[in-house]
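All remarks here apply to the structure that follows.
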């Protein structure tokens, strides 16, 4: 039921997708009894408390300061630098309970609160570190919700790029001269959900938890049903879990979508093994 509800949510028009609710539905995989409504109400209560201290005359810059003081000062939210790859950092209910998270989950919370207090906040899938941007009357300001909502200067952003983009990748343009605008475009809600799910997929792959990987891949394919790589990866997980027929179907569908895939030989070998296993079952 949770996966079906999630699939219905992400099939909506972009403007109608409830990002916080979709994030909480993802958390129903490890927490099947999770009360999504209770956590949505908690976000609303946080916004009510914040709005109570915001006179209508407060300008946008002052609202950002008030949001930062409330979220990081009064409530004590912070980035988890010690256990960055703890999967709980990627589940919004755990972030709300523990008041600690990673850039993308803290950004989601920042966006949800900001929107409720009159700020136009967008997520930015910046390379290596999720950020947010806020529309001001004089332009945009980029903030880092992982580090207390600190504004990011051009020098800060270029330093981030240098850490994750090797020199020479962008043809003949040095990283220091790459136009920043291309990295500061707002991420769609589906893109945000996919980045969050990719984090979880990577965590569960590295910690060798195929059952959890399967749950995450099912969510990813609900967001982007056309994603061939996720279909192949789900086939591999099914194969590990000895679900031969679903694995064979995923590999078959993968090659239909990617007939010139670079890993076609490996996939065909897997399919031969799976057909043999399926024939023994019949």
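The values are calculated or read from the model by the stated rules, or taken from the named source; none is laboratory data. All of these numbers come straight from a predicted model, not from anything done at the bench. Don't worry about glycine lacking a Cβ; one is built from the backbone with ideal geometry, like all the others, and counts go over all protein chains shown.
Data for the structure
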quantity	calculated
Any hit, the range 151-161, residues being loosely packed, with under 14 Cβ neighbours inside 10 Å, part of a strand (DSSP E or B), assigned by TED's automatic domain parsing to the domain that holds residue 28 and modelled with pLDDT of 95 or more	yes
Pair list, Cβ under 9 Å, 6 or more apart: the range 17-42 residue in the same structural domain as residue 112 (by TED's automatic domain parsing) and at negative phi, other residue at pLDDT below 95 and in a loop (DSSP other than H, G, I, E, B)	28/1
Options 233, 208; residue that is under 27 Å from residue 31 (Cα atoms), not assigned by TED's automatic domain parsing to the domain that holds residue 10 and not in a helix (DSSP H, G or I)	208
Residue 33, sole failed condition from (1) within 12 Å of residue 93 (Cβ to Cβ); (2) within 18 Å of the chain's Cα centre (by Cα)	(2)
Residue 254 vs. criteria part of a helix (DSSP H, G or I) and closer than 30 Å to residue 83 by Cα	no
Exclusive hit being modelled with pLDDT under 95 and either more than 18 Å from residue 3 (Cβ to Cβ) or surrounded by 15 or more Cβ atoms within 10 Å (Cβ to Cβ) (or both), set 182, 191	182
Among the residues listed as 132, 142, 95, 108, the single one being in a helix (DSSP H, G or I), free of Cβ contacts under 8 Å to residues at least 60 places away in the same chain and closer than 29 Å to residue 49 by Cα	95
Number of the condition not met by residue 68 [criteria: (1) part of a loop (DSSP other than H, G, I, E, B); (2) touching a strand residue (DSSP E or B) at 6+ places or on another chain (Cβ under 9 Å); (3) buried (at least 16 other Cβ atoms within 10 Å of the Cβ)]	(1)
Residue count for the range 115-131, restricted to those that are surrounded by fewer than 18 Cβ atoms within 10 Å (Cβ to Cβ) and closer than 17 Å to residue 47 by Cα	4
Complete set of residues in the range 95-108 that are in contact with a strand residue (DSSP E or B) (Cβ under 8 Å, 6 or more places away or on another chain) and surrounded by fewer than 22 Cβ atoms within 10 Å (Cβ to Cβ)	99, 100
